[in-house]
Structure formats: structure tokens, C-alpha cells
1. With a ≥ b ≥ c taken as the square roots of the eigenvalues of the C-alpha gyration tensor of region 67-200, please select rounded if a/c is under 1.5 and otherwise prolate if a/b is larger than b/c or oblate if it is not?
2. Multiply the residue separation of Gln91 and Asp178 by 0.36 nm, subtract the distance between their alpha-carbon atoms, and state the gained length in nm to one decimal.
3. What is the gain in length, in nm to one decimal, between Lys163 and Leu79 on full extension, counting 0.36 nm per residue of separation less the C-alpha to C-alpha distance?
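No lab work stands behind these numbers, since they all come straight from the coordinates. Just so it is clear, the structure is predicted and the values come from calculations on it, not from any experiment.
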Amino acid sequence: MKKPIKKELLNTLPVIVGGIASVVSILVFLIQFKSVEYIKFSTGILGAMLGAIVAYSIARIRTALNAPKIFISYSNNDLDFVQKLLREIEQLPVYVLFDKHELNVGDPISQKISELVDESDYFLVVISKNSSESQWIEKELENAINKKKKILPVVIDETPVPKIISDLVYADFLESFDIGVSQITKALKTSKHNNFFQRSAKNRAR
């Protein structure tokens with residue numbers, strides 16, 4: 001099962017279980033009236049309710065399948081910042097490819113990271129003194145550029161942006177964390193996935 005589907009199933013499972021439990025409870029209550037016609041009528045309504053719950057769940061899963069995927073490249077020494085940023089990004093209609101969530105014990109790190117970059121639509125790289133000293137991040141960035149991924153530079157200290165992406169506009173977290181998050185959000189909403197973000201916003205408003 002693909003991870004976005006699994007994640008969305010876990011999110012919608014309480015809705016499905018709660019809906020089914022409510023339908024069963026109401027049906028058991030109605031049976032006490034022992035009116036066949038009334039029970040048939042009520043069962044039809046309850047069936048429609050259950051159908052709506054299932055349709056809602058399917059719509060959420062379809063959204064997860066189409067959600068743009070973001071790979072985050074960072075130094076472990078910046079993990080506190082990255083986890084804070086991750087909580088914000090996960091509020092958006094995107095699927096985050098985060099190594100701590102995607103890699104398991106025994107996985108070949110280089111191969112798995114390369115596969116995650118392949119799978120991603122965006123490559124978000126956290127630029128800092130720590131990341132500038134990491135050969136892993138340098139290789140990941142080169143890999144993403146070679147695969148023509150959309151690069152989202154995130155600057156969190158005074159470290160210069162790598163020359164290979166020095167002409168790109170970056171999200172500036174030096175001024176404030178909230179401003180940096182808003183810049184990332186704006187970049188995503190004005191990208192090729194703009195229509196997806198608009199549809200997701202409409203679905204959430206319903």
C-alpha cells in the first residue's frame with residue numbers, strides 16, 4: 001500500500017468506524033418499534049448516510065494520491081527546526097517524504113534517499129552551517145537538480161546559499177519563522193500544483 005493512501009486511511013478510519021457505529025446503533029433502536037415499513041424507510045436513510053461516509057473517505061484517498069510530494073533534505077543537527085517546520089508543512093495538502101518516517105532499519109540509505117527524491121515533486125533543502133558541512137546534502141541536492149526537481153531553498157542562518165542554487169529565491173527564516181512558512185506556502189500555491197491546492201481548499205470549505 002502506498003504511504004499516502006495508508007496515511008489517509010488512518011486519518012479517515014475514525015470517521016468510517018464512528019459512522020458505522022452510529023448507523024448500527026440507530027438501526028438497533030428502530031428495530032424496537034417493530035414496524036416493517038418504518039424500518040425500511042429508516043434503513044434507506046441510514047444507508048444513504050453510510051454511502052456519504054464512504055464517498056467522503058474515497059475522496060480523501062484520491063486527494064492523497066494526487067497530493068504533491070515534498071522531500072526534505074537537512075542536517076541532523078538542525079532536526080529541531082526541521083521537526084517544527086514539518087508540523088507546519090503537514091497542515092498543507094501535501095505529502096512529506098521525511099527520512100525519519102520513510103526509512104526502516106536495514107534499508108540502504110543512499111538507495112532509499114535516491115528513490116525518495118525520484119518520487120518527490122519538490123526538493124526542500126534546509127541551508128545552514130550544519131548542512132554546508134554535510135556531503136550527504138550536497139549529493140542529495142545535485143541528485144535533485146539532475147532529476148529536474150523543483151528546488152525550495154530554506155535559509156535558517158547566515159550561511160551563504162550554495163552556488164549551484166544561488167540564483168534561486170529562498171524562504172527566509174532569519175526574519176521570522178512564520179514569514180518563512182508563508183513563503184513556502186506561497187511557492188507551492190503558485191506552482192504547477194496550484195489547481196490541486198485550489199480544489200483542496202474548496203473541499204475543506206464544504
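1. rounded
2. The Gln91-Asp178 span can extend by a further 30.0 nm.
3. 27.9 nm
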